[in-house]
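K.L.:
What follows is a single structure, and I will ask about it in a moment.
The values are calculated or read from the model by the stated rules, or taken from the named source; none is laboratory data. Computed from a prediction, not measured in an experiment: that's the story for all the values here. Reconstructed Cβ throughout: ideal geometry from the backbone, glycine too, with neighbour counts over all protein chains shown. These area figures cover heavy atoms from the full protein model, side chains too; ligands, DNA and RNA do not enter into them. Shrake-Rupley method; radii C 1.70, N 1.55, O 1.52, S 1.80 Å.
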Amino acid sequence: MSQNLSTEDLDADHDAEFPNVIEALRTRRSGHNFDPDADLDEETLEELIRDAAIAPSSYNLQPWEFVSVQDEERLDEIVEIAYGQEHIRDAGTAILVVGHTDAKTADRVFDEWVEAGRLDEETAAETKGQTVGMYDDDQTGRDYAIRNASLAAENLMLSAHARGLTATPMIGFDQERIAEFLNLPDDEIPVMLLAIGPSGGAEPDRLPRRPVEEILHKESY
């Protein structure tokens with residue numbers, strides 16, 4: 001059975017090296033209550049993206065882009081594309097996390113591996129070839145785009161929470177329409193839409209989470 005997280009569950013573990021990080025993980029919420037009269041400033045927006053961009057990715061390819069929308073008329077269009085999710089407008093900022101379906105950063109990234117002394121030139125060239133080859137399969141390229149960009153999206157949400165902001169992730173939107181509306185290249189796909197902005201106050205109690213003993217499978221499923 002599912003169970004609610006108690007106050008004790010939300011406390012940072014006593015042996016945690018970074019207890020504030022544990023607390024942030026356990027207190028982050030996907031809120032819908034935004035302050036429609038407060039705006040997300042440019043500096044904070046850039047810091048959120050800076051934090052998102054230090055997420056891990058396959059071979060450090062960093063195969064993601066972020067498209068922010070704050071113009072009121074364009075937010076109205078985003079709300080329509082997202083099937084009427086009005087909290088996007090209240091948040092005042094929508095960020096689409098985009099994933100690469102091609103290894104378009106490979107040349108630069110593997111040069112950096114060599115420059116950092118992590119790989120010699122021969123090994124880097126071989127590894128780059130293997131990495132690029134994995135993206136040749138359309139389904140694999142799409143899978144990599146979603147997996148890597150989702151890591152960045154989670155970083156973005158945690159950064160927003162750490163700054164006292166509210167952030168809500170959404171996958172309920174018309175992918176083709178948003179790609180066209182935001183002029184995404186053909187080899188990049190929309191992965192996650194986030195509404196981010198100053199909090200408008202308290203949120204409803206957290207819904208139950210499945211307990212560890214139900215979801216943890218040891219050695220085999």
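K.L.:
Stick to Cα atoms and the Kirkwood definition of Rh, then tell me Rg/Rh for the stretch 19-106.
P.N.:
Rg/Rh for the stretch 19-106 comes to 1.02.
K.L.:
What part of the accessible area of the stretch 147-190, given as a whole %, is carbon or sulfur when the probe is 1.4 angstrom?
P.N.:
Here it works out to 47 percent.
K.L.:
Per residue and in cubic angstrom, what volume does the convex hull of the Cα atoms of the stretch 88-133 have?
P.N.:
96
K.L.:
Under 15 Å from a point 7 Å along the Cα-to-Cβ line of Ala16: which residues of the stretch 26-47 have their amide N that close?
P.N.:
26-29
K.L.:
On to the next question. When the dipole is taken about the Cα centre of the chain, and only Lys, Arg (+1) and Asp, Glu (-1) are charged at their Cβ, what size is it in debye, to the nearest 20?
P.N.:
Magnitude of the dipole: close to 660 debye.
K.L.:
Let me ask another. Counting other Cβ atoms within 10 Å of each Cβ, which chymotrypsin sites (Phe, Trp or Tyr not before Pro) in the stretch 73-121 have at most 16 and sit in a DSSP loop?
P.N.:
Hits after loop and neighbour filter: Tyr83.
K.L.:
Nearest 0.05, what FRET efficiency do Asp71 and Arg210 give at R0 = 25 Å with Cβ-Cβ as r?
P.N.:
That gives a FRET efficiency of 0.05.
K.L.:
Which FRET efficiency, nearest 0.05, do Thr127 and Glu203 yield, Cβ-Cβ r, R0 41 Å?
P.N.:
So the FRET efficiency works out to roughly 0.35.
K.L.:
How many nm is it between the label spots at Thr27 and Arg177, if each spot is 7 Å from the Cα in line with the beta carbon?
P.N.:
Spacing of the two 7 Å Cα→Cβ label points: 3.8 nm.
K.L.:
Test of the criteria: in the stretch 84-175, which GluC sites (Glu not before Pro) are in a DSSP loop and have at most 15 other Cβ atoms within 10 angstrom of their Cβ?
P.N.:
Glu86
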